[in-house]
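Values quoted throughout were computed directly from the atomic coordinates according to the rules given, and no laboratory measurement underlies them. Here the structure is a predicted model, which means the values were calculated and not measured. When we count neighbours, we look across all protein chains shown, and the Cβ atoms used for this are built from the backbone with ideal geometry, even at glycine.
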Amino acid sequence: MSEHFRVHGGARLVGEVDVVGAKNSVLKLMAAALLAEGTTTITNCPDILDVPLMADALRSLGCEVELDGDVARITTPQELSHRADSEAMGKLRASICVLGPLVGRCKRAVVALPGGDAIGSRPLDMHQSGLEKLGARTWIEHGCIVAEAEGLHGTQIWLDFPSMGATENILMAAVLATGTTVIDNAAREPEIVDLCLMLNQMGAKVEGAGTSTLTVHGVTELKPTEHRVIGDRIVGATWGFAAVMTRGDVRVRGVNPHHLDLVLEKLRMAGAEVTVYEGGEDEGFRVVMEGRPKAVDFVTLPYPGFATDNQPFAIALSTVSEGTAMITENLFESRFRFIDEMIRLGADARTDGHHAVIRGIEKLSSAPVWASDIRAGAGLVLAGLCADGATEVYEIFHIERGYPGFVENLRKLGADVERVSS
Ligand code: UD1
């Protein structure tokens, strides 16, 4: 029997909530542990399914992995398997992030291609062309991406687009290449900076983290390290939007507020009072909202632009805001599909290509809805919080891939949400 969420709308969210380590960082950091023989320790790991799946995937490559609460200890042997095509790998959406480390360490890799995703196609051309510039040959065979190299040599790489995944893979291959690699038009996301920090702690020489130009001076070997995963800015944003939509007062801890600068600015434009807390244990922000939010436009772009992962929350907010908002999605072509579920909740929404126009209404109306990916699912729950009656949200395994303790946290903030058997 499966479970779903039942969300009774109407409550004002008030209180404090802790943000966990970033999903989009932890898996790459675990993959980076492949680059050094010995035991690497990663702390602040979120309690999400992808972490044990990644642990299994690393075990299938020959590592020993111990998961203990929010700590992952990964012991990498001298000899690694280069075949990441096991069942464990197949289950992992982010499996592709072991490609760069395996090519760097073993000079060859066979990695199961990640399955299709409801948000749109995920091509790998930039991963391949980057590795090829470093000296590898790559091709697709029997559902796997294969890469082989005699040796990897530093080079100049221009990415067509600042892809996170391509930047990560090229970076993790280049740290053990001979000579200097320059990656231009590199992704600048905080999760990339987190990876660069960890690689440098391991003895890599990466310069320019957080800018569009990453310069990597290759080294012959890396050593294991201990590293703390940064707080999840997308989860942090989810709580910020929830506070505004429910006209609440929510203090969010455990995330660097500067990773949400643009999000918080948009929430201010919607009418919220936002306070940021920098550094130390208090790090985070507080969002206080009185009255109905005002409509604000959003455009998704690579960081420091508005993250595509936050787009469903922008849509959810717009459905109940005063006025009309235009939301533009520039990264994934199918990411508006979930708007049909918002329309079931009474949203006045229309899409045209990669633009959505949302005319805000006073109150949504509860209905059964289906989550299609992590963020769309969370967006539907936020909408349910502003709907009359009980909204049933199905396919919640998507949501739980990114939000440990989502229901518990919502309830702690005063929401009337329960998990029920379907
Ligand atoms: C990561 C995040 C995901 C987020 C996305 C964009 C993880 C596990 N996932 O995904 O949550 O939504 O960044 O911020 O970290 N592209 C190509 N060719 C390539 C690679 C990418 O055309 O070789 C395109 C994609 O189709 C997309 C854009 O580039 O339109 C950005 O993709 P990318 O940044 O690579 O996303 P992911 O790393 O897969």
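Of all the C-alpha pairs in region 1-152, what % are more than 20 Å from each other? Present the calculation step by step, with values, prior to reporting the outcome.
Details: 6209 of 11476 pairs.
Everything past 20 Å amounts to 54 percent.
What longest region of the chain stays clear of trypsin sites (Lys or Arg not before Pro) that DSSP places outside H, G, I, E and B and that have at most 16 other Cβ atoms within 10 Å?
Numbers: sites that count: R12, R337, K363.
By the stated rule (loop sites, at most 16 other Cβ atoms within 10 Å), 13-336.
Residue-wise, which Karplus ³J(HN,Hα) couplings in Hz belong to region 288-304, taking 6.51 cos²θ - 1.76 cosθ + 1.60, θ = phi - 60°, and x for glycine or proline?
Result, ordered by residue: 10, 10, 10, x, 7, x, 8, 5, 9, 7, 9, 10, 7, 8, x, 4, x Hz.
Please identify the GluC sites (Glu not before Pro) of region 340-392 that satisfy two criteria: DSSP loop assignment and at most 13 other Cβ atoms within 10 Å. Which are they?
Details: sites: E341, E362, E392; in loops: E362.
Filter output for region 340-392: E362.
Find the relative contact order for the chain and round it to a whole percent, using C-alpha pairs within less than 8 Å whose residues are 6+ positions apart. Don't skip to the end; give the middle numbers.
Numbers: 1063 pairs, mean separation 84.7, N = 422.
Contact order relative to length: 20 percent.
Quote to one decimal, in nm, the extra length available between Q78 and D56 on full extension: 0.36 nm per residue of separation minus the C-alpha distance between them.
Numbers: separation 22, 0.36 × 22 = 7.92 nm, distance 1.84 nm.
Gain in length upon complete extension: 6.1 nm.
Can you grab the distance from the C-alpha centre of region 219-254 to the C-alpha centre of region 363-422, Å, no decimals?
20 Å
Would you please report the Å³ per residue occupied by the convex hull of the alpha carbon atoms in the chain? Numbers along the way, then the final one.
Values: hull volume 52.3 nm³, N = 422.
That works out to 124 Å³ per residue.
How much space per residue, in cubic angstrom, does the convex hull of the C-alpha atoms of region 183-291 take up? Can you show the working numbers first?
Details: hull volume 10.4 nm³, N = 109.
Taking only Cα atoms, region 183-291 has a hull volume of 95 Å³ per residue.
Number of Lys pairs in region 23-225 with C-alpha atoms less than 27 angstrom apart, excluding same-chain neighbours closer than eight positions?
The number of close lysine pairs in region 23-225 is 15.
Would you work out the relative contact order for region 101-166, in percent, from Cα pairs under 8 angstrom that are 6 or more residues apart?
Working: 78 pairs, mean separation 25.5, N = 66.
Relative CO of region 101-166 lands at 39 percent.
Considering amide H positions built from the backbone, and no H for Pro or chain starts, which residues 5 or more places from W370, or on another chain, come under 5 Å of its amide H?
Residues meeting the amide H criterion: Y394.
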